[in-house]
1. Among the listed residues 40, 61, which satisfies the condition of being modelled with pLDDT under 90, of a type in the set (Val, Ile, Thr), open to solvent by less than 30 Å² (accessible area, probe 1.4 Å) and within 27 Å of residue 12 (Cα to Cα)?
2. Answer yes or no as to whether residue 48 is open to solvent by less than 60 Å² (accessible area, probe 1.4 Å) and farther than 21 Å from residue 118 by Cβ.
3. Given the residues 30, 111, which is the only one that is crowded, with 16+ Cβ neighbours inside 10 Å, assigned to a helix (DSSP H, G or I) and aliphatic (A, V, I, L, M)?
4. How many residues are part of a loop (DSSP other than H, G, I, E, B) and open to solvent by less than 80 Å² (accessible area, probe 1.4 Å) if we restrict to region 87-102?
5. For the subset of region 20-72 comprising residues that are out of contact with any strand residue (DSSP E or B) (no Cβ under 8 Å at 6 or more places or on another chain) and hydrophobic (A, V, I, L, M, F, W, C), which member is nearest to residue 132 (Cα to Cα)?
6. Starting from residues that are farther than 20 Å from residue 120 by Cβ and not in a helix (DSSP H, G or I), keep the ones in region 7-27 and report whichever is most open to solvent (accessible area, probe 1.4 Å).
7. Just one of (1) open to solvent by less than 20 Å² (accessible area, probe 1.4 Å); (2) more than 11 Å from the chain's Cα centre (by Cα); (3) free of Cβ contacts under 8 Å to residues at least 60 places away in the same chain trips up residue 67, so point out which.
8. Filter region 70-86 for residues that are farther than 27 Å from residue 27 by Cα and not aliphatic (A, V, I, L, M); which is most open to solvent (accessible area, probe 1.4 Å)?
Amino acid sequence: RTIPERLYDPVDLFFREWPGCAKPLPQTLAFVRELKERGIPVYLLSNAPTYFADYMKDHEILKPFDGILFSAPIHMAKPDQEIYEYFFRKFDLNPSECFFIDDLEKNIQGAKDAGMDGIIFTGDIQAVKDAIDFDKTAMDFSKDTTGFSFKNHPGRVQAAIKPAPLLALQISHFELPL
């Protein structure tokens, strides 16, 4: 389906400028800071167009992340397995040591198929904390390197060297002026 020629320029402008409509989710950013304070690496995997990646690459909101991968520049996308495998190789991650957070069920299923556990993000940070037993895991990894285990996965203790990276937290929402 195509758009009328008279709308090419406004539509092009919209698609180039919509990243400026991204508004940070303060509760998610606070959670990222809490994770980082505990020494837990946090990575971002986003199905974002190239111009969004270009727009955001130096943005303050991305500074806390240990690694960032936008899908469009590498011509892959979630939930395809190849993007998760690429992500693991790029950042030297073990899928069984990762917990995936995404707002789409199909992306969580793709992550699970790739060997990660995960949760569908609904905006409820406490649900995410409950899923990883965050409030009961009060250790500071920079000082105590005994490991980290997820609730419901008592046998899977995370390596002290690479404690439980979290992937693909939704860090913003979009407000479009109409």
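1. Values: 40 fails: within 27 Å of residue 12 (Cα to Cα).
Going through 40, 61 in turn, just one is modelled with pLDDT under 90, of a type in the set (Val, Ile, Thr), open to solvent by less than 30 Å² (accessible area, probe 1.4 Å) and within 27 Å of residue 12 (Cα to Cα): 61.
2. Values: open to solvent by less than 60 Å² (accessible area, probe 1.4 Å): yes; farther than 21 Å from residue 118 by Cβ: no.
So residue 48 fails the test.
3. Matching residue, one of 30, 111: 111.
4. Keep residues of region 87-102 that are part of a loop (DSSP other than H, G, I, E, B), which gives 92-94, 98.
Now narrow it down to the ones that are open to solvent by less than 80 Å² (accessible area, probe 1.4 Å): 93-94, 98.
Total meeting the criteria: 3.
5. Result: 31.
6. Going residue by residue through region 7-27, those that are farther than 20 Å from residue 120 by Cβ are 7-24, 26.
If we keep only those that are not in a helix (DSSP H, G or I) too, we end up with 22-24.
Working: 22: 25, 23: 79, 24: 62 Å².
Restricting to residues being farther than 20 Å from residue 120 by Cβ and not in a helix (DSSP H, G or I), the top hit is 23.
7. Among (1) open to solvent by less than 20 Å² (accessible area, probe 1.4 Å); (2) more than 11 Å from the chain's Cα centre (by Cα); (3) free of Cβ contacts under 8 Å to residues at least 60 places away in the same chain, the lone unmet condition for residue 67 is (2).
8. Among those that are farther than 27 Å from residue 27 by Cα and not aliphatic (A, V, I, L, M), it is 75.
The values are calculated or read from the model by the stated rules, or taken from the named source; none is laboratory data. These numbers come from a predicted model, not from an experiment. Please note: Cβ atoms are built from the backbone with ideal geometry, for glycine as well, and neighbour counts cover all protein chains shown. Quick note on the areas: whole protein, heavy atoms, side chains included, nothing else; ligands and nucleic acids left out. Shrake-Rupley method; radii C 1.70, N 1.55, O 1.52, S 1.80 Å.
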